[in-house]
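Colleague: Please see the structure below; I have some questions.
The values are calculated or read from the model by the stated rules, or taken from the named source; none is laboratory data. Everything numeric here is computed off the predicted structure, so don't read it as measured data. In this analysis, Cβ positions are derived from the backbone assuming ideal geometry, glycine residues included, and neighbour counts consider all displayed protein chains.
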Amino acid sequence: MRQQLLPYIALMLGLSINAYGAPPSVAVDIAPLHSLVSQVMKEVGKPDLLIPAEASPHNYALRPSDGKVLANADLVFWMGESYTPWLEKALHNVAISAQKVEVLAFEDTITHGYREGATFESHEHEEEESNDKSDHKKEAPLEESKQSKHEKEEHTDHHDHEGSDPHAWLDPENAKRWIKHIKDILSKHDPDNAPIYSRNAAKATASLDELIHSTRTKIDTLNKPKFIVFHDAYQYFEKRFEVLATGAISLGHAQTPSPARIKEIRDTVKKLEVTCVFTEPQYNPGIVNNVFEGTTVSTIGVMDPLGAGFATGTEHYHQLIQGMVNSLNQCQ
């Protein structure tokens, strides 16, 4: 009898050991953040990505398969309510047992307030400030970004948004800080694999330091290009590497630009002889062609804050930043 039971006991013990040693089930909202989590989880597990990089996070609709991912998740890393407010309800109703980690809420995250106007004219004085100052002090608290519905409906092109611009992943210094938090949270959930998370986080941080150095070196070789972006999503990259956009066609949440904003952009292009404008793969490029028809713009390229052209996973974040430098190089 004992001999007959041994295989079953061994099987049960094996299942218990596998269940105990399994890494947490992790979901992440956008591809750049997913890349950072993937780097920390390398050799342990792979997080699930909720929003494809080729889709706009501003108005994405979750699929049934995404609902299953959230329902089974132990951890969900997401940018936060100020970037994907529609996701908050799904996290509350579907990811019931998961710990929800809002990375924009980390106290050491470097944040910038939204820029105003189509050509950011009210923020010219900020462009002269050192990025080092923002490393230690937020320009605006995250809480201020939570507007009421009425306030969002009433904003104008001359006062686009209140609070913090949520595109903070485009500053690799933020990526470094988030890596540490990701490591700490994963280690708490999965102490058996904590040494691996720590080792991966150290490698990821060192790699980000190299990325910052190489990106700055490449940017310094460019002759301060004058360019217009599709929507105001890039100031974290611009300020970190001191390469500033002349303006944006659309607002920070990619709303349709008003006729007044379009006129302001066209006038600026003519006045400053801007020759380079960037579309984004998540949006129809037709509006760009219409806005700049008959102007001095000769180069219409692609700049992508989410990295739609790159495979998701550990290398995605680095390829995204390098891709932005390559886009700027088109303006020479």
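Colleague: Quick test of your reading of the structure: His34 fulfils all but one of (1) within 30 Å of Pro259 (Cβ to Cβ); (2) surrounded by 18 or more Cβ atoms within 10 Å (Cβ to Cβ); (3) not hydroxyl-bearing (Ser, Thr, Tyr). Name the failing condition by number.
Modeller: Result: His34 fails condition (1) only.
Colleague: Out of Val26, Val94, report the one residue that is farther than 26 Å from Ala308 by Cα, crowded, with 16+ Cβ neighbours inside 10 Å and at pLDDT 95 or above.
Modeller: Answer to the selection: Val94.
Colleague: Quickly run through region 39-82 and pick out the residues that are closer than 20 Å to Ala194 by Cβ, aliphatic (A, V, I, L, M) and in a helix (DSSP H, G or I).
Modeller: Correct list: Val40, Met41.
Colleague: Just wondering, is there one or more residues in region 270-290 that are surrounded by fewer than 20 Cβ atoms within 10 Å (Cβ to Cβ), touching a strand residue (DSSP E or B) at 6+ places or on another chain (Cβ under 8 Å), among the acidic types (Asp, Glu) and farther than 21 Å from Leu170 by Cβ?
Modeller: no
Colleague: May I pose another question? State whether one or more residues within region 219-226 are under 25 Å from Asn326 (Cα atoms) and touching a strand residue (DSSP E or B) at 6+ places or on another chain (Cβ under 8 Å).
Modeller: Taking every residue of region 219-226 in turn, at least one turns out to be under 25 Å from Asn326 (Cα atoms) and touching a strand residue (DSSP E or B) at 6+ places or on another chain (Cβ under 8 Å).
Colleague: Also: Hey, among Ala98, Ala31, which residue is in contact (Cβ under 8 Å) with a residue 24 or more places away in the chain, of a type outside the set (S, T, N, Q) and touching a Gly at 6+ places or on another chain (Cβ under 7 Å)?
Modeller: Ala31
Colleague: Being surrounded by fewer than 16 Cβ atoms within 10 Å (Cβ to Cβ), within 26 Å of Leu104 (Cβ to Cβ) and charged (D, E, K, R) narrows it down to one residue among Glu238, Glu242; which is it?
Modeller: Exactly one of Glu238, Glu242 is surrounded by fewer than 16 Cβ atoms within 10 Å (Cβ to Cβ), within 26 Å of Leu104 (Cβ to Cβ) and charged (D, E, K, R), namely Glu242.
Colleague: Something else about it: Please count how many residues of region 222-238 are under 16 Å from the mean Cα position of the chain (by Cα), in contact (Cβ under 8 Å) with a residue 40 or more places away in the chain and over 16 Å from Thr279 (Cβ atoms).
Modeller: Qualifying residue count for the region: 3.
Colleague: Looking only at region 222-234, how many residues end up being in contact with a helix residue (DSSP H, G or I) (Cβ under 8 Å, 6 or more places away or on another chain) and either at pLDDT 90 or above or surrounded by fewer than 22 Cβ atoms within 10 Å (Cβ to Cβ) (or both)?
Modeller: The qualifying residues number 6.
Colleague: Got a sec? Which helices (runs of 4 or more DSSP H) wholly within region 133-221 have at least 2 residues that are surrounded by fewer than 13 Cβ atoms within 10 Å (Cβ to Cβ) and modelled with pLDDT of 95 or more? Break it down stepwise before answering.
Modeller: Numbers: elements: 149-154, 172-189, 194-221.
Qualifying helices (runs of 4 or more DSSP H): 194-221.
Colleague: Being within 19 Å of the chain's Cα centre (by Cα) and among the polar types (S, T, N, Q) is the filter; apply it to region 204-221 and report the residue that is nearest to Glu173 (Cα to Cα).
Modeller: Thr205
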